[in-house]
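Note sheet for the following structure.
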Amino acid sequence: MKDEVQSKISTMPADKLFLTYMNLISKCEGEEVFRMIEPVGEGIMKHTHIAKGIELVYSELESYNPCFHAEKKEVDGLEIMYIVDGHAEFDLMNRKCASGEKGDVMIFNSKTAVKKAVLGKSGMNCLSLILFADDTVEFLNSFFSTTDFSSSDFFSEIRKSENCVTFPCTELLENLFLKMIQLPDRFSKFEVKLAVVHAILLLMQKCSKTEKRDTTDLYFSGTTGRKVQNVRRIINSNLEKEISIEDLAQQVNLNRTTLQKVFKEMYGLTINEYRTKARIQLAKNLLASTEFSITEIAGRCGYANASKFSEVFKKNEGVLPKDWRN
């Protein structure tokens, strides 16, 4: 009987397989809206079919208990997750780990089983692109009237990986993801479809560069991963302070070289690059939502004076803080 069920699963079209999985972890409450069921977790998911082999799911999760089913292993596919808000940490079945927070992209293949997921206190809102490799490649070739796309080089290393790939979202990618959850109007469904296709192309380009590295660099133990996650939390909680890399390494009991290497692999940025990015984001939030002076914002973001802060801000955003605020 089990073999018979597995046989049916393996021959099931990708779209039906996806809906089968959705029905196992949630119940449909409308044409496209699903509510997660116990013991999987609590939250709402909105599903949009984009094209053959491409599904879009927007989730607002309060809790999530991984429910890994055989169905997911029967297809060659990817889940590309963009974290709109909140953060999450994942322990994988192979004792590796991954984490992401607001603004991060996380890519899981269909063979990567999640053993444990911990969401932030306020939960997590995320957007997931579910891509079935062969069908997506067929769609892209049809969409662009070409034969340039092939399954053999479609996120090839990530599809074989034993881990999740995580990196901060670029501004262009972020705009495309946010366009996918815009309010509906007459032409929005076409805009969403174009945004999805554009995002897939950008991600393929991004990941093809990543795959040229030695793939062993992507892997590290769960213990090391959690220590590096803790370093990121320390940085985010102390943006007004200039904590040295040596001090960060000592606080989590890691070798400095290991910390720098694994941090770069997990987040796509060096520690100092990440800290600058986080400080600039904090500065933009303060500029947009408070009446604090430029000098006060500089201090809250870890800069000794307004002049240095303005120099770094302009280098990253192209304009001075006062002009950005205006």
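The values are calculated or read from the model by the stated rules, or taken from the named source; none is laboratory data. As the structure is a computational prediction, the values presented were derived from the model and not from experiment. Cβ: placed from backbone, ideal geometry, glycine included. Neighbour counts: every protein chain shown.
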In segment 1-24, which residue that is modelled with pLDDT under 55 and surrounded by 12 or more Cβ atoms within 10 Å (Cβ to Cβ) is farthest from the chain's Cα centre (by Cα)? Gln6
Which residue, of Arg226, Arg233, is under 26 Å from the mean Cα position of the chain (by Cα) and under 22 Å from Cys169 (Cβ atoms)? Arg233
Would you be able to say whether some residue in segment 111-132 is surrounded by 17 or more Cβ atoms within 10 Å (Cβ to Cβ), assigned to a loop (DSSP other than H, G, I, E, B), modelled with pLDDT under 90 and of a type in the set (Val, Ile, Thr)? yes
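Filter segment 25-41 down to the residues that are of a type outside the set (A, V, I, L, M) and buried (at least 16 other Cβ atoms within 10 Å of the Cβ), then identify the one that is nearest to the chain's Cα centre (by Cα). Break it down into steps so the answer makes sense when it comes.
Here is the first cut: in segment 25-41, the ones of a type outside the set (A, V, I, L, M) are 26-32, 34-35, 38-39, 41.
This time we only want the ones that are buried (at least 16 other Cβ atoms within 10 Å of the Cβ), so: 26, 34, 41.
Details: Ser26: 22, Phe34: 21, Gly41: 20 Å.
It comes out as Gly41.
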Output for Cβ contacts, cut-off 7 Å, separation at least six or different chains, first residue aliphatic (A, V, I, L, M) in segment 13-26, second modelled with pLDDT of 85 or more and part of a helix (DSSP H, G or I), reads Ala14/Asp135
Give the residue that is surrounded by the most Cβ atoms within 10 Å (Cβ to Cβ), with candidates limited to residues of segment 84-110 that are closer than 14 Å to Arg226 by Cβ and of a type in the set (Lys, Arg). Lys96
Looking at (1) at pLDDT below 90; (2) farther than 20 Å from Val165 by Cβ; (3) surrounded by 16 or more Cβ atoms within 10 Å (Cβ to Cβ), which is the only condition Ala70 fails? (3)
Number of the condition not met by Leu269 [criteria: (1) within 27 Å of the chain's Cα centre (by Cα); (2) part of a loop (DSSP other than H, G, I, E, B); (3) at pLDDT 90 or above]: (3)
Subset of segment 277-295 (residues that are more than 14 Å from Ser310 (Cβ to Cβ) and of a type in the set (Val, Ile, Thr)): Thr290
If you take the residues of segment 236-260 that are among the β-branched types (Val, Ile, Thr) and in a helix (DSSP H, G or I), which of them is surrounded by the fewest Cβ atoms within 10 Å (Cβ to Cβ)? Thr257
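Residues being crowded, with 18+ Cβ neighbours inside 10 Å and assigned to a helix (DSSP H, G or I): count how many of those fall in segment 295-305. Spell out the reasoning first.
Let us first name the residues in segment 295-305 that are crowded, with 18+ Cβ neighbours inside 10 Å, namely 297-298, 301-303.
In the following step, the residues that additionally are assigned to a helix (DSSP H, G or I) were identified as 297-298.
So the answer is 2.
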Among all residue pairs at least 6 apart or on different chains, which show Cβ distances below 7 Å where the first residue, located in segment 274-296, is of a type in the set (Asp, Glu) and the second is modelled with pLDDT of 90 or more? none
